[in-house]
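See structure below.
The values are calculated or read from the model by the stated rules, or taken from the named source; none is laboratory data. Values in this document were obtained by computation on a predicted structure and should not be read as measured data. Cβ atoms come from the backbone with ideal geometry, glycine included; neighbour counts cover every protein chain shown. In case anyone asks, the SASA skips ligands and DNA or RNA and just uses the protein heavy atoms, side chains included. Shrake-Rupley method; radii C 1.70, N 1.55, O 1.52, S 1.80 Å.
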Amino acid sequence: MDRVVELFGRHRGVVALCIVLYTAAAAWGNARLGFDDVPRSVFRTADDDFVELEKVFADFGSDDNDCVVVIEPAGEGDPSGDLFTPERIAALRAAIASLQTLEGVDEVRSLADVVVVDPVRGGARSLLPHEGEPSREAFAAARAAAVAHPMIVGQVLSPDARTALAIVRLEGNSLSIGDIEPHIARLRGVLDQVNAQGVLRLRLTGVPPIRVEIFRTVQRESSRFIVIGAILGFGMATLLFRRFWAVMIVASAPILGSFWTLGTLGLIGEKLNVINTVLPTLVLVVGFADSVHLMHDIRRSVASGKTPLEAAKLTIRHLGPPCLLTSVTACVGFASLAVADLDVVRRFGLTCAMGALLSFCAVILVVPLLSSTALGYRLQPKRLPQASDWLPRAFDRLVDFLMRYPRSVTLAGLAATIFFSVIALQLRPDNRLTETIPPENESYQALIDCDRAFGGMLMAYALVEWPDDKELRSPEVIDLIFEVQETCRHTEGAQYPLSIVNLLQALPGQPGNLAARVPLLALAPTDVVQRFARPDLHKALVTVHLRDRGIAAHRPIFERLAAQFADIEARHPGMQVHLTGSVVVAGRNINTMIVDLVTSQTLADGVIFVAMMIGFRSLRYGLVAILPNFFPMAFTAAVLVMTGRPLQVTCVIVFSICIGIAVDDTIHFLARFRRELEVDGNVHEAIRRTFHAVGEAVVTTTLVLLVGFASVLTSEMPTSRLFAWLSCTAIGSALLGDLFILPAMLAWFVPARQRRAARQPSEASAVADGDTASVAAH
């Protein structure tokens, strides 16, 4: 490190030039940085389930593209709420016709396109009465026929005939948010026009519009909260540092590190996605903690009489190694995510590791460089802290208490950690489509209404395949599809199964012999038939409705269906039945993602503590660091359980922030303690001096971050609010671990010792001058 210090002192101009050049390259990279807004890419894998899902979408169409229009009577004029009146049916026909003509719409399924075969007159006709037909009896008959129709109830009409649906499928495959958004805007325009007439009330929901709303809200709020958080954080930092230039230098380094990280992503062609959007926050948090520690050390050196350049060089010599250790441990911890199954998680881990290293480079270069200039004389507040200040006195009282009861505090911390860990074991991963939508949102309310009226808008599929020597009209094939459908119908949690069997039941023919009606499928629209069966591919699809109850509630349903399908396959040799669909594969892979993140985080914790043992070259220090860093994670996880919340991706990311903050402050505390212990070998006094040297930096970091994260509590998004209060909980509990448990364990487990015999008196004096002389000033 001495060599680095000398190079820094001699070549500050070169250092500044390198910073400017890489910042310029990062600016170019930021300009090229894109966003991967294809929702399906989040749970994309190379496993058989995802490959099969892609094939199903290619053969039968993608359910990712289905927008749902909820149609209800408007006003209170008709107490029955009946849709089947001349005015409402006419308005429904007009609305569907307008939707069908929109650019980007592949097809629209609704009551308006349901046809029935007239066995007397022959041919097919619309289920709905002809336009202009005055007879209300005709509409009553249409209502009765619709309720009895096997293709309608639970699909496009509620059992009470008060709510109808129009399923608008968009053109294309794997559409991005940018592709979907203009289509959604056009759909909403048509709905607004219809609603203005006052006959029908139309609301838009479904996966595409919900994803657009979530994406745009996150984008809008991210910009807003970055500004709000920066203002609040700057205000808190100014209050604590009491010097404008000190705040500017402390803030500039982590911001530059975050800028470099995003720019590097752009340079290497990596896109942002819904997972790694937290990367700038992670980099800022890790970099800010180190930056605060550097600034406090520089200010102390200047206060003790050092020039700004001497103070900067001394800080690099003293804090360079612990800052490097914090970055290496964070890098190794994040890189452990590379063992995850999902590609998006692996890339997240590697980009976080890269961000940790870039953050270290930015902090260790920018803070000393700017502080070594004339600005270094303007870092001290006009009134230097005096012994009467409340924080040093509070530290002294805390140290006195900890030194009096080190074992009691340590055992209390251990007992609390075990207690919270036992509670945390009850955490279970879960994910719901509506968990990220504000409850007052129209799409959210429409989706909840659909769940009640139609048994859910999420779709699972049973893919039925038969051998080449059989055809769709073979009785055994129809019987197999019917058996699969009945199995779904009698499985609790699965609602309103639909297949080619329902279409055959709607066609005329001999009762009980559906196979004989297969030739009549030629009377039905080709797109309707191919939605459920592909005779050319020897495949058929059975669809099932599911409520948005989360992957934890869906898992037993899927397990029961999979077991029953295996029994069906055993009874029908040569036939295959597979459970698939976005809700099935995405739920399974998102669950895997959460488990991967937790497993990798656990592995990262172990790797971090091994790295700390190596970095400090002490098994004792590595073991001492475990409890104060595990405590905040156990406490935060227990809070989740006690508040009735599941383990979500947001929660695991908060744990990453938690361990980053806790480990960072722990390393700085331990590094300073070792330096202070070298002075006189007195453990208690070394802890006291360590509190005075780095305690203020630890508290400053915590307070600024708490204020910044607390600003997000006003978010519209439930997940953003969860992220905010959970981060505050984690950061606050990490402070308790570092200020109470860690020093108590040091007082108990680190033996008192004399200075090293090899240390010369002049050397010890130099250490005292650089490290502890400023303590006297306090």
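Details
- Looking at Ala744, Ala724, Ala734, just one residue is outside any loop (DSSP other than H, G, I, E, B), open to solvent by less than 10 Å² (accessible area, probe 1.4 Å) and modelled with pLDDT under 85, and that residue is Ala724.
- Here Arg645, Arg620 are screened, and the one residue that is farther than 30 Å from Glu435 by Cβ and either at pLDDT below 90 or not in a helix (DSSP H, G or I) (or both) is Arg620.
- Neighbours by Cβ (under 8 Å, 6+ apart or cross-chain): first from the range 723-749, closer than 10 Å to Phe631 by Cβ; second open to solvent by 30 Å² or more (accessible area, probe 1.4 Å) and of a type outside the set (A, V, I, L, M): Ser733/Phe635
- Residue list for the range 247-261, filter: farther than 15 Å from Tyr22 by Cβ, aliphatic (A, V, I, L, M) and in contact with a Leu (Cβ under 9 Å, 6 or more places away or on another chain): Val247, Met248, Ile249, Val250
- Here Ala416 clears all of (1) modelled with pLDDT under 90; (2) among the small types (Gly, Ala, Ser); (3) surrounded by fewer than 20 Cβ atoms within 10 Å (Cβ to Cβ) except the condition numbered (1).
Residue-wise test of (1) open to solvent by 40 Å² or more (accessible area, probe 1.4 Å); (2) of a type in the set (Val, Ile, Thr).
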{"position": "Leu157", "(1), (2)": "no, no"}
{"position": "Glu171", "(1), (2)": "yes, no"}
{"position": "Ile177", "(1), (2)": "no, yes"}
{"position": "Leu187", "(1), (2)": "no, no"}
{"position": "Leu202", "(1), (2)": "no, no"}
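- Qualifying residue in the range 56-68 (condition: under 30 Å from Gly587 (Cα atoms), modelled with pLDDT of 90 or more and of a type in the set (A, V, I, L, M)): yes
Yes or no, residue by residue, for (1) open to solvent by 10 Å² or more (accessible area, probe 1.4 Å); (2) of a type in the set (Gly, Ala, Ser):
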| residue | (1), (2) |
| --- | --- |
| Met459 | yes, no |
| Val464 | no, no |
| Leu480 | no, no |
| Val484 | no, no |
| Gly493 | yes, yes |
| Ile500 | no, no |
| Ala506 | yes, yes |
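- Subset of the range 483-506 [touching a residue at least 12 places away in the same chain (Cβ under 8 Å), closer than 14 Å to Phe565 by Cβ and outside any loop (DSSP other than H, G, I, E, B)]: Glu483, Val484, Gln485, Thr487, Cys488, Pro497
- Sub-9 Å Cβ pairs linking a first residue in the range 288-303 that is over 19 Å from Leu256 (Cβ atoms) to a second residue that is of a type in the set (Asp, Glu) and modelled with pLDDT of 85 or more, at least 6 apart or interchain, are Ser301/Glu310; Val302/Glu310, ordered by first then second residue.
- Filter result for Val577 (within 29 Å of Ala335 (Cα to Cα) and either modelled with pLDDT under 75 or not acidic (Asp, Glu) (or both)): no
- From the options Arg407, Arg473, residue that is part of a loop (DSSP other than H, G, I, E, B), in contact (Cβ under 8 Å) with a residue 12 or more places away in the chain, open to solvent by 50 Å² or more (accessible area, probe 1.4 Å) and not aromatic (Phe, Trp, Tyr): Arg473
- For the range 334-390, filtered to residues that are under 22 Å from Val286 (Cα atoms) and aromatic (Phe, Trp, Tyr), the residue that is modelled with the highest pLDDT is Phe360.
- Pairs meeting the criteria (first residue in the range 617-632 and without any contact (Cβ under 8 Å) to a residue 40 or more places away in the chain, second residue part of a helix (DSSP H, G or I) and surrounded by fewer than 24 Cβ atoms within 10 Å (Cβ to Cβ), beta carbons under 6 Å, at least 6 apart or on different chains) are Leu619/Met613; Gly622/Phe609; Gly622/Met613; Ile626/Phe609.
- Test: residue in the range 516-524 that is open to solvent by less than 30 Å² (accessible area, probe 1.4 Å), touching a residue at least 60 places away in the same chain (Cβ under 8 Å) and over 18 Å from Glu476 (Cβ atoms): yes
- Subset of the range 525-548 (residues that are assigned to a helix (DSSP H, G or I) and open to solvent by less than 50 Å² (accessible area, probe 1.4 Å)): Val528, Val529
- Only one entry of Leu256, Leu239, Leu294 meets the criterion of being part of a helix (DSSP H, G or I), surrounded by fewer than 19 Cβ atoms within 10 Å (Cβ to Cβ) and over 19 Å from the mean Cα position of the chain (by Cα), and that entry is Leu239.
- Residue among Leu284, Leu324 that is open to solvent by 20 Å² or more (accessible area, probe 1.4 Å), part of a helix (DSSP H, G or I), of a type in the set (A, V, I, L, M) and out of contact with any Ser or Thr (no Cβ under 7 Å at 6 or more places or on another chain): Leu324
- Among the residues of the range 432-470, those identified as among the polar types (S, T, N, Q) and in a helix (DSSP H, G or I) are Thr434, Thr436, Ser443, Gln445.
- Candidates are the residues of the range 549-561 that are touching a strand residue (DSSP E or B) at 6+ places or on another chain (Cβ under 8 Å) and of a type outside the set (A, V, I, L, M); the one that is most open to solvent (accessible area, probe 1.4 Å) is Phe558.
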